[in-house]
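**Q** Sharing a structure, written as structure tokens. Questions coming.
The values are calculated or read from the model by the stated rules, or taken from the named source; none is laboratory data. Please read these numbers as outputs of a predicted model, since none were measured by experiment. Positions of Cβ are backbone-derived with ideal geometry, glycine not excepted, and every protein chain shown enters the neighbour counts. Ligands, DNA and RNA are excluded from the accessible area calculation, which covers all protein heavy atoms including side chains. Shrake-Rupley method; radii C 1.70, N 1.55, O 1.52, S 1.80 Å.
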Amino acid sequence: MTQNIETIENARLADETEMGTVTLKVADLDNMIKYYTHALPLEVIAQEGDSAIIGRGDNPLVILEHAPELKHAPRGAAGLFHTAILFESQTALAAAVYSVAKYAPNTFTGSSDHLVSKAFYFNDPEGNGIELYWDRDRSEWSWVHGQVEMDSLFLDPNAFLREHLTEDAIENPVIGGASIGHVHLQVGDIKGAQKFYVDWLGFDSTVSSYPGALFVSAGGYHHHMAMNTWNSRGAGRRDDTLGLGQVDIVLPSKDDLGEVTERVKHYGVQVADDGRTVSFEDPWANVLRLQTENDS
């Protein structure tokens with residue numbers, strides 16, 4: 001990437017920016033479909049050949065692409081930390097958590113109250129991190145000097161289920177809407193992540209005080225993306241491996257897409273533009289694909 005070029009001041013992503021689908025390259029497509037639909041629980045929206053679109057209702061969340069020729073990445077490599085699926089209600093979240101506990105209890109890795117949200121963590125059968133969460137109302141979030149207050153407080157999963165799980169949710173765990181709330185990546189260094197995701201791409205920094213991590217968003221959300229070096233400090237560019245294929249970011253208009261495209265080009269980022277979507281890599285070869293709401 002080009003260095004020492006003029007900085008574009010006050011360049012920010014549109015407030016209405018949202019996260020789109022996350023594409024995963026997988027070794028065992030049938031097993032992964034089973035986990036994401038029987039355990040999570042989501043639904044197969046479409047399946048053709050070596051690819052399956054998984055989501056809730058007509059909203060795609062995860063695309064599974066069969067790539068058995070690839071190998072798993074080393075633990076310390078850059079790539080996906082977790083895909084975070086946001087549920088509309090605590091009952092819907094409880095239904096999903098209960099479903100995973102019933103069908104794949106060994107995939108649970110932890111839970112936390114983050115002040116802005118309540119979250120439960122899992123690893124899918126191929127080691128891809130998953131967060132299932134519910135947001136508190138934005139009026140309950142606390143902001144200090146432009147940074148949102150977040151923490152990782154103890155959250156008892158059994159107490160959460162006792163309080164929010166209903167008989168109807170046990171019988172039909174596919175309740176309420178779900179979306180990709182945020183995507184958390186492993187990167188090689190936080191300074192480089194700040195430059196790329198905030199200075200160049202145009203996210204706002206929302207939490208920069210957490211050791212080894214950076215949280216960023218558009219429109220005052222607590223975070224649409226996060227990057228950490230907890231396992232990957234010093235990591236270089238990724239090899240083509242199983243795991244993360246690409247992360248989709250959805251912008252509200254063609255003008256917004258064009259603005260971001262010109263901005264990253266200004267900084268020397270190599271861009272692929274097919275007329276509908278724009279794709280490029282971050283410094284660790286994590287692929288981002290930008291599109292508008294009408295093309296998502």
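**Q** Of all the accessible heavy-atom surface of the range 129-275, with the other protein chains kept in place and a 1.4 Å probe, what percent is carbon and sulfur?
**A** The computed percentage sits at 47.
**Q** Moving on. How much of the DSSP beta bridge set in the range 39-197 is antiparallel, as a percent to the nearest 5?
**A** If I count the DSSP bridges inside the range 39-197, around 90 percent turn out antiparallel.
**Q** Sum up the charges of everything whose Cβ sits under 13 Å from the Cβ of residue 62, counting Lys and Arg as +1 and Asp and Glu as -1, but leave residue 62 out.
**A** -4
**Q** Then there is this: Could you list, in their original order, any pairs among 25/118; 34/191; 118/254; 34/195 whose Cα atoms are separated by more than 32 Å?
**A** Going by Cα-Cα distance, 34/191; 118/254; 34/195 fall outside the 32 Å limit.
**Q** Which percent, to the nearest 5, of DSSP beta bridges fully inside the chain are antiparallel?
**A** Roughly 75 percent of the DSSP beta bridges within the chain come out antiparallel.
**Q** Show that you can apply the helix-only estimate: for the chain, add -39,500 (n - 2.57) for every DSSP H stretch of four or more residues, divide by all residues, and state [θ] at 222 nm to the nearest 500.
**A** That comes out to -4500 deg cm²/dmol.
**Q** Filter the chymotrypsin sites (Phe, Trp or Tyr not before Pro) in the range 138-242 to those in DSSP coil with at most 14 other Cβ atoms within 10 Å of their Cβ, and list the result.
**A** 230
**Q** For the chain, report the accessible area per residue in Å² (1.4 Å probe, heavy atoms, rounded to an integer).
**A** 46
**Q** Can I ask one more? Quick one: length gained pulling residue 287 to residue 137 fully straight, 0.36 nm per residue minus the C-alpha distance?
**A** Answer, rounded to one decimal: 50.9 nm.
**Q** At what distance in nm do the modelled label points of residue 158 and residue 48 sit from each other, each positioned 7 Å from its Cα along Cα→Cβ?
**A** The two pseudo-label positions are separated by 4.8 nm.
**Q** Here's something else I'd like to know. Please list 3J(HN,Hα) in residue order for the range 241-253, calculated via the Karplus relation 6.51 cos²θ - 1.76 cosθ + 1.60 where θ = phi - 60°; whole Hz, with x for glycine and proline.
**A** Each residue's phi maps through the Karplus curve to give 10, 4, x, 4, x, 6, 10, 9, 10, 10, 9, x, 8 Hz.
**Q** Roughly what would the spin-label model give for residue 90 and residue 69, points 7 Å off Cα along C-beta, in nm?
**A** Taking the two extended label points, one gets 5.0 nm.
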